[in-house]
1. Could you list, in sequence order, the residues of segment 291-301 that are more than 14 Å from Pro264 (Cβ to Cβ) and open to solvent by 30 Å² or more (accessible area, probe 1.4 Å)?
2. Which one is surrounded by the most Cβ atoms within 10 Å (Cβ to Cβ) among residues in segment 433-488 that are under 16 Å from Pro310 (Cβ atoms) and among the polar types (S, T, N, Q)?
3. More than 27 Å from the chain's Cα centre (by Cα) and among the hydroxyl-bearing types (Ser, Thr, Tyr): is that true of Ser141 in this structure?
4. Need the failing condition index for Leu580 against (1) in a loop (DSSP other than H, G, I, E, B); (2) in contact (Cβ under 8 Å) with a residue 24 or more places away in the chain, just the number.
5. Any idea which of (1) modelled with pLDDT of 80 or more; (2) surrounded by 15 or more Cβ atoms within 10 Å (Cβ to Cβ) is the one Gln720 doesn't satisfy?
6. Within the set of pairs 6+ apart or on separate chains, which have a first residue in segment 667-684 that is touching a residue at least 60 places away in the same chain (Cβ under 8 Å) and under 25 Å from Tyr860 (Cα atoms), a second that is outside any strand (DSSP E or B) and among the polar types (S, T, N, Q), and C-beta atoms under 7 Å apart?
7. Please determine whether any residue of segment 826-834 is touching a strand residue (DSSP E or B) at 6+ places or on another chain (Cβ under 6 Å), more than 25 Å from Arg805 (Cα to Cα) and surrounded by fewer than 24 Cβ atoms within 10 Å (Cβ to Cβ).
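The values are calculated or read from the model by the stated rules, or taken from the named source; none is laboratory data. Computed from a predicted model, the values in this text were never measured in an experiment. All Cβ positions, even for glycine, are placed from backbone atoms using ideal geometry, and neighbour counts span all protein chains on display. Accessible surface areas use protein heavy atoms only, side chains included; no ligands, DNA or RNA. Shrake-Rupley method; radii C 1.70, N 1.55, O 1.52, S 1.80 Å.
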Amino acid sequence: MRSLLLLLLWGLISLPATGTVGWPGTDYDPAIPTLEEVVGHAPGARLTSSADAQRYLAALAEAAPDRTHLVEYARSWQGRPLSYLLIATPERIANLDAIRSDMQRLAHPRDLDDATARSLIDSLPAVVWLAYGVHGNEISSTDAALHTAYHLLAARHDPDVERMLSETLVAIDPDQNPDGRERFVFHYIQTEGIEPAASAIAAERREPWPNGRSNHYLFDMNRDWLGLTQPETRGRVATFQQYFPLIHADIHEMGTDTSYYFPPPAEPFNPHLTPAQLERLEKVGRNIGDHFDRFGFDYFTREIFDALYPGYGDSWPAFQGAVGMTFEMASARGLAGERRDGSIVTYADGVQRHFVASIATVDAAARLRRELLEGFLEYRRSAVRGAHGGPREYLLPAGGDPEAVHGFAQRLLEHGIEVRRTRSAIRACNVDLPAGSYLISSRQGAGRLVRTLLDDDSPMAEAFLAEQERRRARGLGAELYDVLGWALPRLYNLPVTPCDRSVGGDARALTADDVFRVEPPGRADVAYLVPWGTRAAGRFLTAALREGLVIRGADAPMTLAGREYGRGSLVIRVADHPELSGSDLHQRVSRLAVASRAEVEALDSSWSTAGTSFGSSNVPRLHAPRIALAWDMPTRSLSAGHTRHVLERQFGYPVEPVRVSHLGSPELDRFDVLILPDGGNYAAVLGQGGVERLREWTRRGGTLIGLAGAVDFLASESAQLLPAQRELALDAAEPNGQGGARVTAVEISDGDGLAAAEAPAQADPDWIPGVVMRGQVNPDHWLTVGLTDPLHFIVEGNRVFRPLRQNEGVNAVHFAGPDDLVASGHLWAENRVQWAYKPAVMVAQEGAGVVVGCTTDPNYRGFMDGLNVLFINAVFRGPAQTTRLR
């Protein structure tokens, strides 16, 4: 009835014309500046740059200081500010500290009594967070953000706006990815003409590599809420936990030939989203649908974007108790885009629809204020009670790699998860926990997020899986949007054990101020040793090489001064540094140890009682390599960016991106290592001459590393750099002739027979959306020094290779057997059989050089910390295995 009445009322008001941006019948206060007055164009008329968006936010804040609060919450890699603007009544803006404090009390309700909770719910506003443009080339949302802020501040005598602001606190983050947006805007300006070019192949709508979707390091930040690898994401997550928004909308664009999407989402649903939460989500969606009906806008729900993976800008807030939402608008990818049916979608169309969806979201929050607050509290309280089931505690021993363990615990703190640290040694659930071990209870406000991040599996509904099997049998493909496995302990390769009871009664709370420190070594008379196998040791190596220290790496174990040092240990001999006094070398090594947090031992004798010795050929020198990273087409930009980020930002070592089309240059001889990221047809871009030049460089002592799709190129007939062969699907049908050729008759007696007859000939294996698989290391190869079983890989795609034969190379890491293969996620049965025991990492000699092929990307999304040592081995130890003259 309410919808019908509103439709009738709206029928008396004329709607804005197509291609314009505005709200019907609104009287705006001239004291609040328009976008055109500040930056020179109206909303939707031009692409607003990131700098202009920030300038306009500042102008709004200056014009209405009593109703706004402007906060810079992060800086991008390129130094651009990321800001949000809070909008509310003057009373609420003056009371922001209390609102933050009270929302945090609701979020951590363990000691919150009912009377206090009711009082907080009576007084608190519904905090609504509207976040725009995390993908920099999804351009219309930023202008919509700015116009939403303007509308809420400038609308005069508007009872709807007054009602909304009386019940809400609205946060507007107009540009979550300024580096990517500026990349797109620069491209557009360089290609635009006297009127918009709407063709799908127009230059202004076809971005060059890497396009504006990603940030400076080419990360898709709408996947980064899990790994928290980027400063933009970390700033957002920290800000979220100040206010704990009840609604968090992440606002995007999609393909030009679509319309508009808002929730409810598609299946599968993550099991830690509650029915009441999904009900609130549907109520907000229905309110947006009402508004779109009034404006005559097409939309759809449920069909594409699912709610399983926890690393999105809508899903991560949901596991904190919010109503998390994604909006998607058909993109003009410029000022105008032509659809296949000949219709035109404009930039202004996108701005207008996002603007209406934003206002409708604020309207829903105002109408549902009490319900949203009560639902948020119950989501958090029920987690404290354990209504979500599962283990009570997760146990993380302090041994092994203590720096990585501490870093993992600190990362959980960043997620808003409470972590405790034991004061004394205890044993629980058959796990020995030394003093200083870490405990993560699932009985806390963020308990559902705890389970989502730490459990090996977030199972999908059986009915949904059955439907996917039916679709696969019919060749329709599974309805899955992103990865199915993401258990953080597996990605970090850490032994987190679930426990069904509460432990560690005297444990203390871990805080962000608890910093992991190491003691510097004493002064050595002979050498310093760095045990290998940790990320900290990797950081020590890269820093020491950059400082010019002479580093040797042991390919075999050795025992010195009563201690056994495993394969890979780093040796810094005093005698290798005649230019430095013993005191100077000690100071350098100590400084590097403290900065890298690596364990370093001082030795006064080189006598080895077992294993290899310093002077053996098993302890080669590790030279500082000059690293080239293939850049531009046909590389997959995300893989290139993740790889560069791991080396530069996680290990502090410089990388030189080189366009693939330039790899045939003689300048390649200046490099020791070349990394080919995941990508497409390298041979086509290199050309025959470039491929031959690459072979020649490798044979003369280069270290060539291929990741994921690049292994297809290394193994191809044109390259012949890796003697690997990619497999077809198990039981793939044979081709049955060409054209009209006759074939032998086949009897089909049932549905299974028909399915077999319809199966494509010589088909690839079914696509894997992203599953965490276990890998087992070859303990005798230089590439696996410092590694222990199992390693964990995220496998995405359908790339599987037969194992290398012993006369071809070495399978340095292979996948586990079928019963142990899957560590996290859901894998189709035939994939489980086919991937078992197949190579994850292959190594072959090519002349004087080395070729390493990783069948899946070890730097996937920049959060595969557990594979960092493997990748560092390839990059920094590979050159020591070549016979290149230096």
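1. If the condition is that a residue be more than 14 Å from Pro264 (Cβ to Cβ) and open to solvent by 30 Å² or more (accessible area, probe 1.4 Å), then Asp293, Gly296, Asp298 are the ones that fit.
2. That would be Thr452.
3. Against the criterion (more than 27 Å from the chain's Cα centre (by Cα) and among the hydroxyl-bearing types (Ser, Thr, Tyr)), Ser141 does not qualify.
4. Just one mismatch for Leu580, condition (2).
5. Looking at each condition in turn, Gln720 falls short on (2).
6. These pairs meet every condition: Ile675/Thr643; Pro677/Ser639; Pro677/Thr643; Asp678/Ser639.
7. yes
Each row is one residue, and each column tells you yes or no for (1) under 32 Å from the mean Cα position of the chain (by Cα); (2) part of a loop (DSSP other than H, G, I, E, B).
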position: Tyr481; (1), (2): yes, yes
position: Leu491; (1), (2): yes, no
position: Pro495; (1), (2): yes, yes
position: Asp513; (1), (2): yes, yes
position: Arg517; (1), (2): yes, yes
position: Ala524; (1), (2): no, yes
position: Leu529; (1), (2): no, no
position: Ala556; (1), (2): no, yes
